Amino acid sequence: MKEKKLLIAISGGVDSVVLAWLCHRLKLEFSLAHCNFNLREEESNADEEFVIQLANTLDVEVFVQNFDTKAYVDSNKCSIQMAARELRYDWLQELAGQLNYDYILTAHHADDNLETFLINFTRGTGLNGLTGIPIVNENIVRPLLYFSREEILNYAQSQHIEWREDSSNSGRKYLRNKLRHEVVPVLKSINPQLLDIFQDTINHLNDTADIVEESLNAVAKRAITSIDEGGITYKISEFKKVNNPKAYLFEMFKEFGFTSWRDIVNLLDAETGKYVSSNTHQLIKHREFLILSDISHSERSHESIQISSEDKMVQTPIGKLIFKVVNHVSEKSKNTIYIDQDKLNFPIEFRLWQKGEVFQPLGMTGKKKVSKFLKDEKLSPFEKEHTWVLCSDDNIVWVIGKRADDRFKITEQTKSILKISMT
């Protein structure tokens, strides 16, 4: 760490002040960063002044950021604690990035780790929620994580280090404070070596998590068949091969916000088209596959483009539409059609297909629902949702990249052949 540039997140409390003094005595290169959340009126301002004075004493640079935390809570509909955490880490990362700090140091300690474990345990969590706070998480480092609150306090007192007391820490309003003052002391009275045993448990859980991760990666490697703009496609058969499909599904998809795990398990034997959604993602059953897609990518756009008879090239979300009058039909492909220009009524429209629409596929005498046509083409749900059409009035001229409409085909009476290509 000697050659690294460090940014210490400091509140003015004993933990972060001790961390700052330790870095000073080790002659490390560091600066202080203090968040004033303006939640305790004059007390918050006094904390800020204390940190500024500490920076002067240590002869280091200090950054202070004031937040309207209550306004953030109102606009983001979150708790005070969550708001403070988000504001704090967003600012620290922004500061570290702009000023090229190598690491952000926080003063989390062993008691914080135990409290976080208990919070996750009481709220319900998977294995990862029980593996504790990581000592290193990308550019965030917690050097005091193996020390107890008592050890840090004893060190501060022995070294005559001054710090600020946060009055809100003595209350019982927040779950963490309730655990700190009411639950943890009882556990420590039962076993005075609680923190040491807890650290051993955390180490065992992290070892187990490594085994789980290795197994998950092996199943994912066998199950994933493709990753593209439509999402990630998994073979259902690979989930059915394992002893506990629900456990693998949970670990594989938990980070995407899903909560209806029974419904997700049921997708393995559901009919095509069934799906389960979270706030951000969708897991869809398609034949013998599960397709995970981002909802923001799968939302249907209502954008449409009007094309006049003078347009020769039009830029669309899926490429360029090229219009050219030709004397004869040459190359044919799924991205090129030839139609009778006189059958078009300009302006024509480029848009996504709509439910209930029908067209007459080239070569057929009768009409067919677009939805049925796409189903017969064996398209995935994502591909169906992102199928575009070219229309004249309310009639489909071309299901782009799939099939032209028979009503606009070239006949012996055609006087003007229009070549339309998607590139």
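The values are calculated or read from the model by the stated rules, or taken from the named source; none is laboratory data. What you see is a predicted model; the values in this text were computed from it and never measured. Neighbour counts run over all protein chains shown; Cβ positions are idealised from the backbone, glycine included. Accessible surface is based on the protein model in full, side chains and every heavy atom, while ligands, DNA and RNA are left aside. Shrake-Rupley method; radii C 1.70, N 1.55, O 1.52, S 1.80 Å.
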- Rounded to the nearest 0.05, FRET efficiency between Ser304 and Ala218 (Cβ-Cβ, R0 60 Å) equals 0.85
- A student applying the Cα gyration tensor rule (rounded when a/c is under 1.5; otherwise prolate if a/b is larger than b/c, oblate if not) would label segment 25-150 oblate
- Tell me the chymotrypsin sites (Phe, Trp or Tyr not before Pro) within segment 114-195 that lie in a loop according to DSSP and have at most 16 other beta-carbon atoms within 10 Å. Tyr146, Tyr174
- How high is the FRET efficiency from Glu42 to Thr208, r the C-beta distance, R0 56 Å, rounded to 0.05? 0.70
- Over 31 Å (Cα to Cα) - which of Lys312/Lys334; Lys4/Lys188; Lys173/Lys246; Lys246/Lys384 fall in this group: Lys4/Lys188; Lys173/Lys246
- Karplus-derived HN-Hα couplings along segment 15-22 (A = 6.51, B = -1.76, C = 1.60, θ = phi - 60°), whole Hz, x at Gly and Pro: 5, 6, 5, 4, 4, 5, 5, 4
- Taking alpha-carbon centroids only, segment 81-133 lies from segment 2-27 a number of Å equal to 17
- Note on the structure: For the chain, longest principal axis from Cα atoms; helix 80-99 axis from its Cα atoms; angle between them, nearest 10 degrees, is 80
- Query: For the chain, what relative contact order do you get, as a whole percent, if you take Cα pairs closer than 8 Å and at least 6 residues apart?
  - Reply: 10
- Note on the structure: Among Lys285/Lys402; Lys27/Lys178; Lys221/Lys285, the pairs whose Cα-Cα distance exceeds 28 Å are Lys27/Lys178
- Query: Lys375: which aspartates and glutamates have alpha carbons under 13 Å from its alpha carbon, excluding same-chain residues fewer than 8 sequence positions away?
  - Reply: Glu383, Glu385
- Query: How big is the Kirkwood radius of the chain, worked out from every pair of different alpha carbons and given in Å to one decimal?
  - Reply: 27.2
- Item | Gap separating the Cα centres of segment 313-333 and segment 243-267, nearest whole Å | 45
- Accessible area per residue, Å², the chain with all protein chains present, probe 1.4 Å: 56
- Determine the order of Arg88, Arg351, Arg287 by accessible area, beginning with the largest, at a probe radius of 1.4 Å. Arg287, Arg88, Arg351
- Cα-based convex hull volume of segment 305-423 per residue, rounded to whole Å³: 105
- Carbon/sulfur accessible area of the chain, % of total, 1.4 Å probe, equals 49
- Counting only C-alpha contacts under 8 Å and six or more residues apart, can you give the relative contact order of segment 1-156 as a whole percent? 26
- Rounded to the nearest 10, the angle in degrees between the Cα long axis of helix 149-158 and the longest principal axis of the Cα atoms of the chain comes to 40
- Item | FRET efficiency estimate (nearest 0.05) - Cβ-Cβ, Ser330 to Asp294, R0 41 angstrom | 0.55
- Note on the structure: Expressed in nanometres to one decimal, the distance between label points 7 Å along Cα→Cβ at Gln81 and Gln315 is 4.9
